[in-house]
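The values are calculated or read from the model by the stated rules, or taken from the named source; none is laboratory data. The model shown is predicted, which means the values in this text are computed figures rather than measured ones. Cβ placement follows ideal geometry from the backbone for every residue including glycine, while neighbour counts extend to all protein chains displayed. Areas reflect the complete protein model, heavy atoms only, side chains present, ligands, DNA and RNA absent. Shrake-Rupley method; radii C 1.70, N 1.55, O 1.52, S 1.80 Å.
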Amino acid sequence: NNVEKEKRLIWSSFFILRKEKIFNEEQWKLTAEGGGVYLVIGIESFSDESRKHLGKNFTNEDIEFALQMAKKYNIKLVLLYLIGYVTETEQDQLNAIKWLEDHYEEYHDTVIINLGSSLGITEGTPLRENFEALKLVKVDDTDQGWSNPATGNTPKRRTEWYLQLQETVERLGYKQIINHDNRYILERMMRDHK
């Protein structure tokens, strides 16, 4: 009844996307019935390979299942996206744009996009500890000041990738969260890496 709906607890949370065999439809249903309305997922990339390198053990197929379940049970998914992981290429960027275009019609009411700034590599992280093994090159003293010569992943390209993705999200009309710290980093990168 309406009184019960008014008193119903609703919640949002960061959420680790799991494979269907681990988090199945019944669990999605229970999440919705239990008041889950927004799940924030660090998908980071639409590249299975990049996510695997990041230690994120879910695939684009798993993302598809999550989208279907979220839509079915009226749960909003906030997708956190990282611009230019160390293994990413121009093709990965084109694939991300295509993913956004291909999924808009069916999921624009389910998905909220949060574009992160360019990947920063900080001291004490696995990426920093494996910097040389990954054949990365430091190009300035900022956390974002690195390049991967093998893939053409440079601060300048990551800035361009961010702008391309931002334009795509806006052009299509996805709901989005804009982080002003990310904008500051982007503006600094645009100034320093013309």
Worksheet item: With each run of n ≥ 4 DSSP H residues scored as -39500 (n - 2.57), what mean residue ellipticity at 222 nm is computed for the chain after dividing by its residue count and rounding to the nearest 500 deg cm²/dmol?
Response: -13500 deg cm²/dmol
Practice prompt. Using the heavy atoms of the protein chains and a 1.4 angstrom probe, tell me the accessible area per residue for segment 1-148 in square angstrom.
Written response: 55 Å²
Worksheet entry | Contact order normalised by residue count of the chain, Cα under 8 Å, 6+ apart, percent | 19 percent
Worksheet item: In degrees, nearest 10, range 0 to 90: what is the angle between the Cα axis of helix 90-107 and the longest Cα principal axis of the chain?
Response: 20 degrees
Fill in: Heavy atoms of R128: accessible area, 1.4 Å probe, square angstrom to 10
70 Å²
Item to complete: Give the share of C-alpha pairs in each 10 angstrom bin for segment 79-183, from 0 to the last occupied bin, in whole percents, shortest bins first.
Response: 14, 45, 28, 12, 1
Discussion item. For segment 68-116, take N as its residue count and report Rg(C-alpha) divided by 2.2 N^0.38 Å.
Written reply: 1.27
Item to complete: Pull out a ≥ b ≥ c, the square roots of the eigenvalues of the alpha-carbon gyration tensor of segment 113-175, then state rounded if a/c is under 1.5, prolate if not and a/b is larger than b/c, and oblate in the remaining case.
Response: prolate
Discussion item. Starting from the 7 Å offset along Cα-to-Cβ, what nm value, one decimal, do you get for the label separation of T59 and A32?
Written reply: 2.5 nm
Discussion item. With a 1.4 Å probe and all protein chains left in place, how much of the accessible area of segment 43-135 comes from carbon and sulfur atoms, in whole percent?
Written reply: 49 percent
Worksheet entry | For segment 1-72: Kirkwood Rh in Å [reciprocal of mean 1/r, alpha carbons] | 13.4 Å
Worksheet entry | Protection proxy ranking of 81-93, 149-161 - average other beta-carbon atoms within 10 Å, highest first | 81-93, 149-161
Item to complete: Apply the Debye scattering formula to segment 32-94, with a single equal point scatterer on each alpha-carbon and no solvent, then give log10 I(q)/I(0) at q = 0.13, 0.18 Å⁻¹.
Response: -0.39, -0.68
Discussion item. Probe radius 1.4 Å, ligands and nucleic acids left out: which of H108, H103 has the largest accessible area, and how do the rest follow?
Written reply: H108, H103
Discussion item. How large is the convex hull of the C-alpha atoms of the chain per residue, in Å³?
Written reply: 134 Å³
Worksheet, complete the sentence: Expected unfolding gain across L9-N179 under the 0.36 nm per residue rule, minus the alpha-carbon gap, is 58.4 nm
